[in-house]
Structures are given as C-alpha cells and as structure tokens.
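Read the structure below first, then the notes.
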Ligand code: CLF
Ligand code: SF4
C-alpha cells in the first residue's frame, strides 16, 4: 500500500507534530539574524532560505542531512565513532547509512512532503571530505534531480584545501568548518590524532597541521565567494578562553558566521571527554562567550547540534518518517511549482512579520531604559507563538530590551504532557530549563503547570496565542517596563537556565 505524502502549507505544516571576497560581500553587515535589507542582495539570496545561515529563516525553512559519509580522518575527544559527528550532530546513532543513490531518493521524498525543505547538507556521520567519492556523487545526483535545493557541507577541514575547487564546481555555496583552536597547545588537548598523507600524526604536530589546513581552506573558500560558517565546540577549561582568539582569526579570514556550541559530554556516549568527566558549559558561560565574540561577524545562536540524518525544521526531527523502508512506499511527487508556491507564501508571511514587528517597535522608540530580560517561547515554527506548553520539545529564548527582541538560544525539554496528564518530575525539569526567564509565552497551558510556573516566579503569557513572536514580545515588554516603573515587578537576574545535553530525537 502506498503512503500518501501530502504537501503541507503554512503554520499548520509545522503543527504536524517541530560572507567571501568575490567583491559582493559586505562583512560588516553580515549576520545570522539579518533580514530584508540588512545584507547585499547577492548574499541575501544565498542565505534567505537557509535555516542555519539566517536565524530569521530558521523559523520558516527546513534542512535535511543525508548520512553518506561514515569515515573520518581525525579523532576528536568529544566523538565516539559509533555516534553522529559532534561537529554537526548530537551524539545519537545514525539510523541508517545511505548510498548516494538512496540519499538522492530520500531527498526527493522529503522535498515532496516538506516543501519548506530548502537545504540538503552532508554532515557525517564521519567527515564528508574523508569520503569524497560518496559526498560528491550524492551532490551530483541531487543537483541533477532537484536543482532548486541548496547544497551544504560540514567538515573538520583537514582535507578541505584539496577539494575547494570541486566544492565550487558542484555549486556548494555553504561550507561549515569546525575550528576549535588556533594554538596547537590547545589543539593537542582536543585531538589525539589525525591521519594525513598516509601517516598518523599526534600531539602538537597533529594539531598544527589541522589548524593550518583549516585556515587555508577557509581563505580559499572565501576567496571564491563561498559562504563559510565556523563551528567551535566550547570546552570549559580547554578552549573556552581561547575561542575569542579563534573568533578573531576566522573573522579576519572572511568567515560569515561563527557558531559556538556547547560541548556534549554525557558519559553514556562513551567519548573520551564523557568518560573523563569533562563538563560542558552552563547557559550563562555560553551566552557570555557568544556575547563577547559578537561583533562585525554575527554569532550563530540557533544551532540545534543536529544529528547526521536530521530532517525538518531546526528544533524538530522528522527523520523517522523517511526511513528507506517507508520511502519505498511513498508516492513521491517532486513538484517544483508546489514547492515554489509554499516558498512564496512564506516570503509573504516574513514580510508581514517584519512590518508587524517594526510597527510595535515604534512604541519603544526613544526609550532609554536599560532593562534587559529573558523570556521563553513555545513555537512550532512560522515565527508564531503556536505551541501548547505541555507539547513543547524546546523553548526559544529571547532577550528583550528597548532595542527589541533578540533570539539568544533554545532550551530542550521533555514533553510535559503525556497523553492527557502532566508528569510532575518533567515539569520541574522544564522550569529549571527556563528559570532564567521572567515569562513564558505559549498558545495554551493547563491550570496546574500555570500555578507551578507562577510559584517559580515565571509569568505565563497566553494572551498572544498564534500571534507573531517578536511583535508580541515587544508589546509585552512595553507593558512590563510600565509595570516595573510602578514597582509591580522587579527586573533582575534570575536562575541559570539548565542546558540539556543532546539534541533532537523524532
Ligand atoms: Fe546541515 Fe550544517 Fe548545512 Fe545546516 S546543520 S550541514 S549548516 S544544513 Fe545547522 Fe544543525 Fe547547527 Fe549544523 S543547526 S548542527 S549549524
Ligand atoms: Fe567525530 Fe566529526 Fe571529529 Fe570526525 S570530525 S572525530 S566524525 S566529531
């Protein structure tokens, strides 16, 4: 029997369950949160529907990864080979490794079912450029069969200089390089070995070769106008104080975006760091470093450290819907017109959203209050407050000030509501995850969790159900400042917000 795959439009689609020196690139205005008019047109065209390169786009567009690259040419202390690549993934096993042909078939199936899927990335489970034949064969097939889909890859950078021309030949205009250090003394604490020129290198020699190759590859890509994002894993006590120097080094070589991610090091993943008690950063440590690094090159804060076979919007994972077995039974109708119609609809929504936000910002214009607060939002996508508190798998965290609402991160949680009843223990962990926030915005909430949140000092805001996020947050913040002036509320530091290890499962 064939499973009917129905293209899904608008808000309800998500409701279903989740820069470059070719002369046209203005580094000073690049940024993951940039929107219409903030970037040169040629750059905007490249990032406008890439959910990782544009924070704003990640509310609307989806990506998928195809796990065609099992081998790796280095060892990172935060990786266990039987798990996904930690550069671009969570430590969860890849459900199935794919041949390039299977991968291309899967891409068509997903593109047919999820018209907002605009980017296909190869991010492991090993390193794409340690598997060049499989990686470029996959890109070749996708390019021929689905030319409207952007191609993306993520690499540790060791082999990168050898493949820059090939990357350009395949029209891959987004490349991520994971650079965790520029000092080999730091590097030898992260990488026990690399395999280069048919030889295994260790210690500082290995780290020196690796960083030289990474920076060379970065310069070569940006010289060709290919957008490069640099990922760095923040490892407290190892490279945390060094990452500002990494930021400066990659910025000066033309990187478009710097994505500083927390180390994931749970013991059960069996990694060197996990087994040796190396901790990851707290939310405050991560945000403080991201804030310090943010300058001319924007820092990415919306990364979900997705698995190497992730499918869907960032923050959801629909990979289980697209196993090879299920794809066999699908009625795949890859229809560019349907996809374009959806994307036209999304563009209209984005413009409406920006206008609504700007209108609301007028109310704050000229205010000199220095108050900043964090708030949490439950959303299924579309830039709307449209998720029930109990169904939220994550909360998006925004920092509010008189300059507006800025996305600063997300907190993964377990569903509180399990088929009609709430789990008390889960509620506690949800509250811990957002206890640095003064309010939580949801579409709907039950009486019991509402009381518990209020007892914990977190205001429940359900009066903006289904409205645009930023417009609503700015409207609420204006009223919050008025309450603060009257002494009804006292803005200030709250808890620390607990960062949950791992990323998303279906
Ligand atoms: Fe994938 Fe990476 Fe391309 Fe995005 S993911 S290869 S740039 S399409 Fe994105 Fe996932 Fe973070 Fe990577 S949220 S882990 S940054
Ligand atoms: Fe693992 Fe990726 Fe590091 Fe290779 S580059 S060891 S796959 S995290």
For region 302-316, pairs from a residue that is over 20 Å from residue 230 (Cα atoms) and within 15 Å of ligand 2 (Cβ to nearest atom) to a residue that is in a strand (DSSP E or B) and at pLDDT below 90, with Cβ under 9 Å and 6 or more apart or across chains, are 309/125
State yes or no: is residue 211 more than 23 Å from the chain's Cα centre (by Cα), within 23 Å of residue 276 (Cα to Cα), buried (at least 20 other Cβ atoms within 10 Å of the Cβ) and within 16 Å of ligand 2 (Cβ to nearest atom)? no
Note on region 107-136: residues part of a strand (DSSP E or B) and in contact with a helix residue (DSSP H, G or I) (Cβ under 6 Å, 6 or more places away or on another chain) are 117, 120, 122
Within region 300-341, the residues that are under 30 Å from residue 243 (Cα atoms) and surrounded by fewer than 20 Cβ atoms within 10 Å (Cβ to Cβ) are none
When restricted to 217, 225, 237, the only residue at pLDDT below 95 and not in a strand (DSSP E or B) is 225
Going through region 342-376 in order, the residues found to be outside any helix (DSSP H, G or I), loosely packed, with under 13 Cβ neighbours inside 10 Å and modelled with pLDDT of 85 or more are 370
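If we scan region 277-289, do we find a residue that is under 21 Å from the mean Cα position of the chain (by Cα) and within 19 Å of residue 183 (Cα to Cα)?
yes
Any residue in region 78-97 that is farther than 20 Å from residue 174 by Cα, more than 9 Å from ligand 2 (Cβ to nearest atom), part of a loop (DSSP other than H, G, I, E, B) and modelled with pLDDT of 90 or more?
So the first thing to find is which residues in region 78-97 are farther than 20 Å from residue 174 by Cα, and the list is 78-84, 90-97.
Of the ones still in play, those that are also more than 9 Å from ligand 2 (Cβ to nearest atom) are 82, 90-97.
Next cut, part of a loop (DSSP other than H, G, I, E, B) only: 82, 90-97.
Remaining after also requiring modelled with pLDDT of 90 or more: none.
No: region 78-97 contains no residue that is farther than 20 Å from residue 174 by Cα, more than 9 Å from ligand 2 (Cβ to nearest atom), part of a loop (DSSP other than H, G, I, E, B) and modelled with pLDDT of 90 or more.
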Considering residues that are over 12 Å from residue 77 (Cβ atoms) and touching a helix residue (DSSP H, G or I) at 6+ places or on another chain (Cβ under 7 Å), the number found within region 182-195 is 4
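The values are calculated or read from the model by the stated rules, or taken from the named source; none is laboratory data. No experiment lies behind these values; they were computed from the predicted model shown. All Cβ positions, even for glycine, are placed from backbone atoms using ideal geometry, and neighbour counts span all protein chains on display.
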